[in-house]
Amino acid sequence: MPEEFEPRIVAFFCNWCTYLAADLAGTSRIKYYPNAEVVRVMCSGRVDVQFVLKAFAKGADGVLIGGCHPGDCHYQEGNYKALRRYRLLRRLLRQMGIEDERLRLEWISAAEGDRVRAVINEMVETLRKLGPLVKSDAARAHLLEVA
Amino acid sequence: MKPVVAFYWCASCGGCEEAVLDLAEGVLNVADAVDIVFWPVALDFKEKDIEAMDDGAIAVSFVNGAVRTSHQLQMARLMRRKSKLVVAFGACAQLGGIPGLANLATAGDILREVYGGTAPELQFTDNGHTLTLPKLFDSVFPLDRVIPVDYYVPGCPPSPKIVSDMFDTLWNGQLPEPGSVLAPDHAMCDECPRRDSRPQELKLDRFHRVQERVIDPDRCILAQGIPCLGPATRAGCGSRCIAGNMPCTGCFGPTSRMRDYGGKALCSLASVVEGNEVAEIDRIFEGLVDPVGTFYRYSLPSSFLERKRLE
Amino acid sequence: MSEPFGPVRIGVYICHCGTNIAATVDVKALAEYADLLPNVVLSRDYKYMCSDPGQDLIRQDIRDRQLNRVVVASCSPHLHEHTFRTALKVGGLNPFYFHMVNIREQASWVHESRAQATRKAKDLVRAAVQRVAFHQPLERGRVAIQPDVLIVGGGIAGIHAALTLANAGKHVFLVEREATIGGHMAKFDKTFPTLDCAACILTPKMSAVRSHPNITLWTYSEVTKVDGYVGNYKATVLRHPRFIDESLCSGCLECIEACVYKQAKVNDDFNMGLSKRRPIYIPFPQAVPQVPVVDPETCIQFKSGKCKTTCIAACGDRHAINLHMEAKEEQIEVGTVILATGFQTFDARRAPYYGYGKYPNVYTALEVERLVNASGPTAGEVVLRDGRRPKAVGIVHCVGSRDENTNRWCSRVCCMYSLKLAHLVKEHTGAEIFNFYIDMRTPGKGFEEFYQKLLSERVHFIRGRVAEVTDWALDSSEEGNLVIRVEDTLAGFVRRIPVDMVVLATGLEPHADAPEVRRLFNISCASEGFFLERHPKLAPVNTFTDGIFLAGCCQGPKDIPDTVAQAGAAAAEALALIDAGYVETEPNTAHVDEERCCGCKTCISMCPYHAVAFVDEIHKSRVNEVLCKGCGTCVAACPSGAIRQNLFEDDQIFAEIEGVLSNA
């Protein structure tokens, strides 16, 4: 693992809860690691499993999905769909050799600015220890065989 | 002058060759209409015959099977050079196919499993003669990962109608946009004989494997708790598996609006389960014993992740 | 990628936001970086993009440089997405050819390293540039606004909003859970700082509500279900049975007099349990509606069926009492809703060190309001539970406020009402009054002057947080008294002050059922549990759900002047919608690509709004764009990608993901 590996996280935040919480962290000037970049969706239920896989394929070391707490979804039930997809996707990722810690589904309400900081920082620290998703140049070598 | 065509097979089971023969009497029409210059399963032409041809001399090459050895790579490139059009024929060429599940392992894993400690040597010289074996790659690739592909014919294997439609299109019809899949661009449910029995409010509370229950031949298979990938799979096969009272396993691959077949299929199937609590949801999914095998049976190499993470 | 009129031409604008962004993100480098991205024809940085000159830049560039896409990197889209979309529209471009990048709340304000924040901003801008190329022109739909208004809560906030709207000619449904309107204000004796009699200023408004032709008043009722969207809400109101027919009752109250219970035995909630009432009762004499209620839990006729029902006899030939009345459900259609559900007071038992419930002479502030009130349980005499009249009274500030162990916030009104109670109790009893405070919060008009007045009335003010109220006497001078232990921080030592009566200035909290109510109306709660406003400064009465407004303490603790002002503001917001006649819908709805739909019906079960229906004739699904709220759940669930979502297309999101990771 390179000396200063900084993990890249793609974060899918729902517009009403988690995105607002991240904005609240901003207005409160709460500081956290800059490793996560947010893709905004209206609801965590919009997060297609293909998005998560694409993020990993394109170089994300971790993917974070943020939605409203169960029972509080702005659109009633979208977050439950996200939860179900997430539980099955975890098992598929395990079969593909991707550790559980790399995909996180977190419930963060609009009032929980500090939780955005806590979740992102914790995820960054965990991923720093786990290392990059693509372990080394050898891991890309299989592509060179057909280049 | 009759158009010149060629057939080649890479990492394949031979089923796609059978699929052409499945045209039955129709294959005679094909044989009449074209000049087949290469078909290892059926005819005695050699690779050097192809090498000797001019570039682009072959009108259409139908290549089935996935690419996972150095020889297949070499042949794919050769067929591409010598052909005006290359058709990726069958699920293996289009998506990686069932051999693609080897992407859960490496070449080393496979050789160890099969040969124990001794892997075959790639080169062996004896008595002045040198024998070579192709190199087994760590990964399986769909055809378009190694050469540009003009058209795709889906299926494992492609159904007779799809094959005969393919010949019609290539010979008699207007050529569709390059890169097209020569099959309808919507999912299978529309053609499924059981489509009307699928309820509007489907909520599954468990999954079963096909051997775990007697499947009602008149009802939607997914509604009976057996994972059927028909809703996620391109139509055109004539629902032969359904007619045989078995669920669709997705061999016709994705529609044009899906980018990662297994991911989309998983996303959709997971959405129709009951359960709002983690424990309940996990229990329901216990019935799906092998997510990769279920959702990426034919398409692992063409997925976003392509293969299991390498060390 | 091409458009009918040519290739994609993107203008990128990087906002400095003064130093808010520019101090941490290298805006010039960001603009230079953006200039080199594919399809970008110009890239600028500017001090304040949301200002008029900033928006002018966009409008000019659209015309002069034939831009057909715009990206602005500045603050949160929640703040200015609308501003910039309007700028595009004025500039002649479809407003949805716009995408906004948040490099302030989610970059410059939260990261310390300039290099890192700039790197992140570059990734986000790149993502936006790649995404916006896939944007399509979209049109907003229009939906008519139903002119009726539902106001939930009949305290001073609900009453004021209802009267304002009714006077403007709008029909209002005012739904109140209790048997009377008036809320907490009806329990107060006098209001600060003018010492107006609360009932005197409240009851005329309550009367006005009762007699206003545009107000349908439903007391003893609750909203149980809400469906719909701005302009078209359908609500179900459950009307609990009073067992007295409002239309027949004349308000003579003889039924109460005639009740077989000669001695009242049931705790009177209006008087905070300090007196008793009969099973048939009216909450207070000026209740609106002036109709009694029968309490089925305590009425003999309900419990045993064997009462002489003298009440019915007393009602005579008006026949207003109907003990077989049933609950009734009403369905109403309104365009807007104002929530004015108020607050509850902090339960003083959660601070057991103050002895409430343990020592009979420890009171809450609301209980004391009833004691000093002429129509209260003791006719305005301050008589303690043990019959004594107090000679020394301690008023403890900040009970359940500004406290890490209970509620962290300041309840805003307690200092003022504690001063008021100090004055009133002193006036009624001549006792020595001690106020124990942490800070004296008297910010309003006339408030500081009121404090000065109290100082001149020889009320003692001790700056210190009361540690404990105890009846344990240290010496004989403390026998028989309650002792308040407090550190007098200005004097610098701990004191023990014996008093006869302790008044706890309990704070304001959200109602215990606020979480259920907010789910009913699909709004959010803030971290303390009060309803969440859309923006604390710029939109304090709006919520994130269009058409639902807030008024009064349900949004946060405040006094009566601020409550009335906010109620007026909420009424104005509702009026603005109603008089506009229509509201524009967001276009980020889903739609089915009917050529691709295979009729698998997966989407049908995804939608809680029933916005997706199956059309049997063509064996395909179809989305009703008016019902669709734009969550995108069905879009992700569609197994073959046949449903798409405007503004959140797969193409757009994939492009954004690739853009964010392009340097990974």
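Quick check on residue C:632: is it on the phi > 0 side of the Ramachandran plot, touching a residue at least 24 places away in the same chain (Cβ under 8 Å) and surrounded by 24 or more Cβ atoms within 10 Å (Cβ to Cβ)? It would help to see each step written out before you state the result.
On the way: on the phi > 0 side of the Ramachandran plot: yes; touching a residue at least 24 places away in the same chain (Cβ under 8 Å): yes; surrounded by 24 or more Cβ atoms within 10 Å (Cβ to Cβ): yes.
Answer is yes for this residue.
Looking at this structure, is residue C:509 under 29 Å from the mean Cα position of the chain (by Cα) and at pLDDT 95 or above? Yes; evaluated as a whole, the condition is true for this residue. Residue C:269 satisfies every condition listed in (1) surrounded by fewer than 18 Cβ atoms within 10 Å (Cβ to Cβ); (2) touching a strand residue (DSSP E or B) at 6+ places or on another chain (Cβ under 7 Å); (3) not small (Gly, Ala, Ser) except (2).
Kindly indicate whether any position in the stretch B:85-108 is closer than 20 Å to residue B:297 by Cα and without any contact (Cβ under 8 Å) to a residue 60 or more places away in the chain. Checked against the condition, which is being closer than 20 Å to residue B:297 by Cα and without any contact (Cβ under 8 Å) to a residue 60 or more places away in the chain, the stretch B:85-108 yields at least one hit.
Exactly one residue out of C:406, C:364 is within 27 Å of residue C:556 (Cβ to Cβ), of a type in the set (Ser, Thr, Tyr) and touching a Leu at 6+ places or on another chain (Cβ under 9 Å): that is C:364.
One residue stands out in the stretch B:155-182 among those that are in a loop (DSSP other than H, G, I, E, B) and among the aliphatic types (A, V, I, L, M): the one that is modelled with the highest pLDDT, namely B:182.
Just checking, which of C:516, C:595, C:584, C:573 is in a strand (DSSP E or B) and of a type in the set (D, E, K, R)? Exactly one residue qualifies, and that residue is C:584.
Identify all residues within the stretch B:296-307 that are more than 7 Å from chain A (Cβ to nearest Cβ), assigned to a loop (DSSP other than H, G, I, E, B) and touching a Leu at 6+ places or on another chain (Cβ under 6 Å); write none if there are none. Scanning the stretch B:296-307 gives B:298, B:299.
Which residues, counting only those in the stretch C:323-375, are assigned to a loop (DSSP other than H, G, I, E, B), over 22 Å from the mean Cα position of the chain (by Cα) and more than 19 Å from residue C:220 (Cβ to Cβ)? Outline the logic, then answer.
Our first condition is that a residue be assigned to a loop (DSSP other than H, G, I, E, B); within the stretch C:323-375, this holds for C:323-327, C:335, C:340-343, C:346-347, C:351, C:355, C:357-358, C:360-361, C:373-375.
If we keep only those that are over 22 Å from the mean Cα position of the chain (by Cα) as well, we get C:323-327, C:351, C:355, C:357-358, C:360-361, C:373-375.
Residues satisfying the conditions are C:351, C:355, C:357, C:358, C:360, C:361, C:373, C:374, C:375.
Conditions tested, residue by residue: (1) in contact with a Ser or Thr (Cβ under 6 Å, 6 or more places away or on another chain); (2) closer than 27 Å to residue C:379 by Cα; (3) crowded, with 20+ Cβ neighbours inside 10 Å.
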{"position": "C:175", "(1), (2), (3)": "yes, no, yes"}
{"position": "C:181", "(1), (2), (3)": "no, yes, yes"}
{"position": "C:206", "(1), (2), (3)": "no, yes, yes"}
{"position": "C:217", "(1), (2), (3)": "no, no, yes"}
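Once the stretch B:8-23 is narrowed to residues that are in contact with a helix residue (DSSP H, G or I) (Cβ under 9 Å, 6 or more places away or on another chain) and without any contact (Cβ under 8 Å) to a residue 60 or more places away in the chain, the residue that is farthest from residue B:88 (Cα to Cα) is B:21. Taking (1) surrounded by fewer than 18 Cβ atoms within 10 Å (Cβ to Cβ); (2) within 14 Å of another protein chain (Cβ to nearest Cβ) in turn, residue C:80 satisfies each apart from (1). The set of residues in the stretch C:192-212 being more than 14 Å from residue C:181 (Cβ to Cβ) and in contact (Cβ under 8 Å) with a residue 40 or more places away in the chain consists of C:192, C:193, C:194, C:195. Residue count for the stretch C:386-418 satisfying the condition of being hydroxyl-bearing (Ser, Thr, Tyr), in contact with a helix residue (DSSP H, G or I) (Cβ under 7 Å, 6 or more places away or on another chain) and in a loop (DSSP other than H, G, I, E, B): 2. When residues in the stretch C:283-310 are screened for being buried (at least 21 other Cβ atoms within 10 Å of the Cβ) and closer than 14 Å to residue C:321 by Cβ, 5 of them pass.
How about the stretch C:97-115: which of its residues are at the interface with chain A (Cβ under 8 Å from one of its Cβ atoms) and closer than 16 Å to residue C:23 by Cβ? Lay out the reasoning, then the answer.
First, the residues of the stretch C:97-115 that are at the interface with chain A (Cβ under 8 Å from one of its Cβ atoms): C:102, C:104-107, C:109-113.
C:104, C:105, C:106, C:107, C:109, C:110, C:111, C:112, C:113, listed by residue number.
Report whether or not residue C:474 is modelled with pLDDT under 95, among the hydrophobic types (A, V, I, L, M, F, W, C) and either in contact with an Asp or Glu (Cβ under 7 Å, 6 or more places away or on another chain) or in the same structural domain as residue C:356 (by TED's automatic domain parsing) (or both). For residue C:474, the condition - modelled with pLDDT under 95, among the hydrophobic types (A, V, I, L, M, F, W, C) and either in contact with an Asp or Glu (Cβ under 7 Å, 6 or more places away or on another chain) or in the same structural domain as residue C:356 (by TED's automatic domain parsing) (or both) - is met. Taking residue C:621 as the residue in question, decide whether it is outside any helix (DSSP H, G or I), at pLDDT below 95 and crowded, with 23+ Cβ neighbours inside 10 Å. So residue C:621 fails the test. For residue B:151, the criteria (1) within 13 Å of another protein chain (Cβ to nearest Cβ); (2) in contact with a Ser or Thr (Cβ under 8 Å, 6 or more places away or on another chain) hold in every case but one, which is (1). Scoring residue B:267 on the criteria (1) within 18 Å of residue C:603 (Cα to Cα); (2) within 10 Å of chain C (Cβ to nearest Cβ); (3) touching a residue at least 24 places away in the same chain (Cβ under 8 Å) leaves a single failure, condition (3). Would you check if there is a residue in the stretch C:149-166 being at pLDDT 95 or above, among the hydroxyl-bearing types (Ser, Thr, Tyr) and outside any loop (DSSP other than H, G, I, E, B)? Yes: one or more hits.
Could you look through the stretch B:191-221, keep only residues that are outside any loop (DSSP other than H, G, I, E, B) and not small (Gly, Ala, Ser), and pick out the one that is surrounded by the fewest Cβ atoms within 10 Å (Cβ to Cβ)?
Filtering the stretch B:191-221 for residues that are outside any loop (DSSP other than H, G, I, E, B) and not small (Gly, Ala, Ser), the one surrounded by the fewest Cβ atoms within 10 Å (Cβ to Cβ) comes out as B:211.
The residue of the stretch B:230-248 that is farthest from residue A:48 (Cα to Cα), among those that are aliphatic (A, V, I, L, M) and more than 8 Å from chain C (Cβ to nearest Cβ), is B:243. Looking at the stretch B:54-128, the strands (runs of 3 or more DSSP E) lying wholly inside it that each contain 2 or more residues that are surrounded by 13 or more Cβ atoms within 10 Å (Cβ to Cβ) sit at B:58-64, B:67-69, B:83-89. The residue that is farthest from residue A:100 (Cα to Cα), among those in the stretch A:119-147 that are β-branched (Val, Ile, Thr) and not in a helix (DSSP H, G or I), is A:146. The number of residues in the stretch C:99-148 being touching a Gly at 6+ places or on another chain (Cβ under 7 Å) and not in a helix (DSSP H, G or I) comes to 8.
Quick one: is residue B:193 under 20 Å from residue C:642 (Cβ atoms) and within 14 Å of another protein chain (Cβ to nearest Cβ)?
Details: under 20 Å from residue C:642 (Cβ atoms): no; within 14 Å of another protein chain (Cβ to nearest Cβ): yes.
Spelling it out, it is not the case that residue B:193 is under 20 Å from residue C:642 (Cβ atoms) and within 14 Å of another protein chain (Cβ to nearest Cβ).
The single residue among C:601, C:537 that is over 14 Å from the mean Cα position of the chain (by Cα), part of a loop (DSSP other than H, G, I, E, B), within 14 Å of chain A (Cβ to nearest Cβ) and not small (Gly, Ala, Ser) turns out to be C:537.
For the stretch B:277-295, indicate whether the set of residues that are under 30 Å from residue A:140 (Cα atoms) and within 14 Å of chain C (Cβ to nearest Cβ) is non-empty. Scanning the stretch B:277-295 turns up at least one residue that is under 30 Å from residue A:140 (Cα atoms) and within 14 Å of chain C (Cβ to nearest Cβ).
The values are calculated or read from the model by the stated rules, or taken from the named source; none is laboratory data. Computed from a predicted structure; not experimentally measured. Cβ coordinates were reconstructed from backbone atoms using ideal geometry, including for glycine residues, and neighbour counts include every protein chain displayed.
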